[in-house]
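Structure, as structure tokens:
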Amino acid sequence: MTMVLNPILLMTFFPLVGAAVILFFKSEQKSAIRWTALITSLVTFGLSLWVLAAYGRQDVGIHRLWFRIAGLPIHFHMAVDGLNILMVLLTTFLTPLAVLSTWKAVEERVKGFMIFFLLLEVGMLGVFLALDLVLFYIFWEFTLIPMYFLIGLWGGERRIYAAVKFFLFTMAGSVIMLLAILYLGWNAKTFDLPALLAARDSFAAAQIPLFAAFALAFAIKVPMWPLHTWLPDAHVEAPTAGSVILAGVLLKMGAYGFLRFNLLLFPQASLQLAPWMAGLAVIGILYGAAVAYTQKDVKKLVAYSSVSHLGFVMLGIFALNAEGLSGAILQMVNHGLSTGALFLMVGFLYERRHTRLMESFGGLWKSVPVLAALALIVSLSSMGLPGLNGFVGEFTILTGAFGSAALGSPWFAGLSTLGVILAAVYLLHMMEKVFLGPITHAENRSLPDLSPRELAVILPLLVVIFWIGLYPKPFFGLIEPGVAQILAAVQSAALALH
Amino acid sequence: MPLGYYLALSAVMFVIGIVGVLVRRNALIVFMSLELMFNAANLLFVTFAAYYGTIIGQISVFFVMTVAAAEVAVGLALMVAIFRTKHSIDVDQMSSLKG
Amino acid sequence: MLLSETLQNPAVSLVPWVVFLPLIGLVINLVLGQRLGEKFVGAVASLAALAAFGVAVVLAVTLAGEPGVGKFHLLDWIQVGGLNLGWDFRVDTLSVTMMLVVAGVGSLIHIYATAYMHSDVRHNGDPSRYRRFFVYFNLFILAMMILVSADSYLMLFVGWEGVGLCSYLLIGFWFEKGADGTANAKAAKKAFVVNRVGDFGLLLAMFLLFWNFKSLSFDEIFAQAPALAQAAPGVVLAVTLFMLLGVAGKSAQLPLFVWLPDAMAGPTPVSALIHAATMVTAGVYLVARSSPLYLEVPAAQQAVMWVGALTALFAATIAVAQNDIKKVLAYSTISQLGFMVAAVGMTAYVAGMFHLITHAFFKALLFLSAGSVILGLEHGHAHSHNGHNGHEEDHFDPQDMRNMGGLQGRMKTTFWVYLIGALALAGIAPLSGFFSKDEILAAALHTSPAIFALLIAAAFLTAFYMGRQVFLVFFGRPRSTAAEHAVESPALITVPLILLALLSALGGALNLPKIYTLEHWLEHSLQHSLVVEFNLTVAVGSVLLALTAIALAWWLYGKRQMRASDPDPLAAPLGGLFRALQNKWWVDELYQAVIVRPYHALASWLSGPVDSTGIDGIANGLGQLTHWAAGSLRRIQTGYVRTYVLVVLFGVVLMLAFLAFN
């Protein structure tokens, strides 16, 4: 396959084309800019389906020498496999929806917004597809820049604080990861992931500190308790589309990093530290749920619910068995869909009332029944109602964690299952305060219900929410080779440990 | 003449240059002091080139002179610009970059 | 295989239609309902339920001719690692019995609701919600059908939580009504959350099952149950006890019963269908379905039995002191569920299922008749309101029995069907409740005298509070103008009532002593059910006891004419006890103090001092530290060129010195 027609390459960098086209428009041509961005992201989604069709073929990746630093080769290595295919699809699926959601919400500096948004998509796709540590690191850092500006320029009142906090937190973690990457490169004489996996022995002695260095960067991104405090600020201040992408995709980069690098490169350390990581995950689940319950700002509530949900993902990852890992990857997608949809709902409310405080709502089911009904479905998906996507993920994760040999105790899963109750508590609390009860504010009496455009944003999400809930088989099928790879690494490490 | 004389002259020129940069407040004088330091270096280059019989030192001098000329050109342009706003080229007044 | 051989009859492949038909109904109503009007909506929803009933009948006929277990694999579901779950349906006598009850009683309630909701939506001022009601109602039938037709615990759990969702939606149907406008919404939330506590137990039970049996499907688990109970009795005990938590949540048993009384906030057909006849019996069904597990662990049987018997008595005591016509029935439901749970606890599964069926008949009947009474009173209230120019107080409660009285003359049909329901519930021969309750009492006497004592006391109270209710509502003279002007409900409402009254009266025929139709029918699914011979002493004794209780009720409530403002005749003799009963033993307040408020305080503490000040404080503290350090260091940057030059000079000198002397 030639370089030009490589689907992975085309898909990853196609948004750049759109961004370049947008550069030629005048700032006032908002509609043209929006349509260009939407079409670009839709074409990118189409290209990702092409990647999906080519999934499993050997020649589809790109692997060639890029340049050398101090004699160490850096490869331009991108490929699609079981670990990243769903993440790629999630990214390309959510981006057009997020773009469409900004139609009315973003009125100022539309040009810059769309350019940054498309750049962000490039960065995210690159993070998921890169299989060379240096290339990965470049994309990883690259995603920071557009997101920083999206929060800092189009955000709410405390946007600067939130943007800087977001940037510094992530940066602090990634710098230490960079050190670990350099250490790996010097010892194994390569940054290429497959080669590093083959040369695992060259850094076997330092597995635990290396694991910790990578884990810090990823744990901040996930975010795991107690490194989560940047998230609520970033979410509350970010524009709706930014929140959707932040929750839907950017957080997944952290969990994905654990799967791709921590587990594969340092399986022994992963086994040894699994109970600790799972312990933090369990704290995150319960803590996030409890803190979410007391929030007055709906968006902050959803943000803390993310902390809780990502705790489930981390628990599944460190269950280190087939059920837990598959459930975790699926739950990453589920969280992207449900929480993304929840943020969209909050955004719709904000566009109507210019507030997100629960006390200024109440009884909205009466004035906006369609919005309310869809918000209920999305909340139910988020709290893991069987038949919807969240349940499939949560159940497999908890099943996996319950019998996990690496965790060695059913207590992790048992305590996490309490999170199922707490999720119902805070989400139904939100439903009650926002949509049920009597209408307490006159201006809520005559709000417009969802427009066709808003429905077009939310319905695709609902379709997938039901699809995964009722028939997740194709999704698990895509994940399976990736999980098998991790399991093989973990099993050989377990043998080596004993 | 022995090598030492040249070296001594170069050192003296350099020190005068440094003192000039350190104590004078007029930006033009500071520039001239800088030129003096450049030329002290040039003198060393030429001296050692002659002493060792190579040409490399003399070539370096051309580079230094070019850089010095460019630097003066930029510097003077800056001075003019600053003078237009501040009506002074006192370097002590140009301290808005202080922490 | 533990159970009879697999059924190959093609009729089995019909079973997914019990789920699809309500689905079709709800989709049609969702898409077209708004345009086509109320008649269409009601007809579609009722037909969907009726059609599901038809499918259940076909399945029942098939099973009658050819007993066995039919299975139907619709679609793969979760297949990952060791998990191998599909959308697998199961057709055996137990599941079909449940389907018949759900769809049969459900259809009647659907028909009733077409008329009831017509006036309810108008009374509450939002006719556009008529369609929404029937969409929810069909969704409930759908979820309940999944629950009863599942062939694995996980699919059962889908229905289990699905009916919980419908319950949530329907309790909060008038979400802007109730005390403060928020009571209904809060009741809905409470129901869901309390149920989730139970579901937590069920989830843990499933995890244990999966890791010990490597499967979640019924047959595979039950086949290995005896062996595992030998090898690891603790595991089976844990599974069954966690399951009991789920049962307590869904079937409103101690200590999780608190949601059901509040659930009466839903419209009356909802109370009848979901919170009396079908959904709340899911727990009983679960224990019956899991009988091969419970049979292995006597300790779990004991636990189930005690929970059931205690709940039966506990709820019955509360019912005695309630004034809301629906609240009495709600506590009565909890109490009767206690009977069923106690029955399945003592492995008398058939008796439990029998009572489940007859209870579905007479309790649906009672709730629907109560609905009819409420409608009549609302009409009377509206009528008198117009006539009297709004003299009456604004907060007229059409559900308060103190405002009723003398309805026997004005609502004849309702009175007679109510009487049949009440007598059936009180266990008067030969109505259906007599037979089913007697089977349970006989089994209790056989198993444990203590349980028997609890249950017989509950039975006495049952007859008493039903007598009290009938006398308060239908006898004496009207105690409000609304009751004076109450009118009988239309035929669409009374016809289902009459049908249910027939079923309540004759339902006992399902399992007559010596003939035992239901038992033979169910023995294909429930093989080791405890069967106790008909006990004439118990039967006669319990009827006499019930008659005594009714007589006592008459003496207290029927003999004298009361006024609406009079204190309850029991208040004086019982004193503080009566206040405890009226306040439901303060269980809600207890939970509020022990669970809700501490959780709220904990959450506030976590989000305030811990999260904002503590964790985020550390992060911001690091930032401030950097800020302070930078602030101190910045003095070095004077802005004077010559300072920098001097520093450079020193630097160069230092470096040269280092190079020279090193």
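Rule-based calculations on the coordinates, nothing more; no lab input. Given the structure is predicted, the values throughout are model-derived calculations rather than measurements. Don't worry about glycine lacking a Cβ; one is built from the backbone with ideal geometry, like all the others, and counts go over all protein chains shown.
How shielded is C:167-180 by partner chains, expressed as the average number of their Cβ atoms within 10 Å of its Cβ atoms? If you can, show how the numbers build up before the last one.
Values: counts 0, 5, 2, 0, 0, 7, 0, 0, 10, 9, 2, 2, 0, 2.
If you average over the peptide's residues, the count of other-chain Cβ atoms is 3.
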The exposure ranking of A:Val110, C:Val27, fewest beta-carbon neighbours within 10 Å first, is C:Val27, A:Val110
Assertion target for C:Tyr331, A:Tyr350, ordered by fewest C-beta neighbours within 10 angstrom first, is A:Tyr350, C:Tyr331
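Take every residue in peptide A:364-374, count the Cβ atoms of other chains within 10 Å of its Cβ, and give the average of those counts.
Details: counts 0, 5, 5, 0, 0, 3, 0, 0, 1, 4, 0.
For peptide A:364-374, the averaged partner shielding equals 2.
With a ≥ b ≥ c the root eigenvalues of the C-alpha gyration tensor of chain A, is it rounded (a/c under 1.5), prolate (a/b larger than b/c) or oblate? Don't jump to the answer; show the numbers that get you there.
Working: a/c = 1.79, a/b = 1.27, b/c = 1.41.
Cα axes put chain A in the oblate bin.
Which is the longest run of chain C containing none of the GluC sites (Glu not before Pro) found in DSSP loop states (not H, G, I, E, B) with at most 16 other C-beta atoms within 10 Å?
The longest uninterrupted stretch comes out as C:6-391.
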DSSP bridge orientation in the range C:1-143 - percent antiparallel, rounded to nearest 5: 80 percent
Which whole-number percentage describes the relative contact order of the range A:273-498, with Cα contacts under 8 Å and a sequence gap of 6 or more? 28 percent
Taking only the alpha carbons of the range A:273-498, the radius of gyration and the largest Cα-Cα distance, Dmax, both in angstrom, are 18.9, 68
Per-residue HN-Hα couplings for the range C:432-441, Karplus 6.51 cos²θ - 1.76 cosθ + 1.60 at θ = phi - 60°, whole Hz, x for Gly and Pro? 4, x, 4, 5, 5, 5, 5, 4, 5, 4
Relative contact order of the range C:1-142 (C-alpha contacts under 8 Å, at least 6 apart) in percent is 36 percent
Across the residues of C:607-615, average count of Cβ atoms on other protein chains within 10 Å? 4
Sequence of A:Arg34, A:Arg64, A:Arg109 once ranked by neighbouring C-beta atoms within 10 Å, starting from the fewest: A:Arg64, A:Arg109, A:Arg34
Based on alpha-carbon centroids, what's the gap between the range C:601-662 and the range A:150-220 in Å, whole number please? 23 Å
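If contacts are Cα pairs under 8 angstrom and at least 6 residues apart, what is the relative contact order of chain A in percent? Walk me through the intermediate numbers first.
Numbers: 869 pairs, mean separation 73.7, N = 498.
15 percent.
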Rough spin-label spacing in nm, given labels placed 7 Å along Cα→Cβ, for A:Ala32 and C:Val648: 5.0 nm
In degrees, nearest 10, range 0 to 90: what is the angle between the Cα axis of helix A:369-382 and the longest Cα principal axis of chain A? 30 degrees
Cα-based helix-to-principal-axis angle, A:298-319 vs chain A, degrees rounded to 10: 30 degrees
Could you let me know the centre-to-centre spacing of the range C:309-351 and the range A:455-498, using Cα atoms, in angstrom? 45 Å
Would you calculate a helix-derived [θ] at 222 nm for the protein assembly as shown, using -39,500 (n - 2.57) for each DSSP H run of n ≥ 4 and dividing by the full residue count, to the nearest 500? -24000 deg cm²/dmol
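Please work out whether the range B:3-91 counts as rounded, prolate or oblate from its C-alpha gyration tensor, where a ≥ b ≥ c are the square roots of the eigenvalues and a/c under 1.5 means rounded, while otherwise a/b larger than b/c means prolate and anything else oblate? Write down the numbers at each step before the final one.
Numbers: a/c = 6.91, a/b = 1.91, b/c = 3.62.
Cα axes put the range B:3-91 in the oblate bin.
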How far is helix C:491-506 tilted, in degrees, relative to the longest principal axis of the Cα atoms in chain C, given as a value from 0 to 90 rounded to the nearest 10? 80 degrees
I'd like the distance separating the alpha-carbon centroids of the range C:18-63 and the range C:502-574, in whole Å. 35 Å
Sort C:474-480, C:318-324 by the packing proxy (mean of other Cβ within 10 Å over each peptide's residues), most packed first. C:318-324, C:474-480
Net charge contributed by nearby residues that have their C-beta within less than 14 Å of A:Leu153 (K/R +1, D/E -1): 0
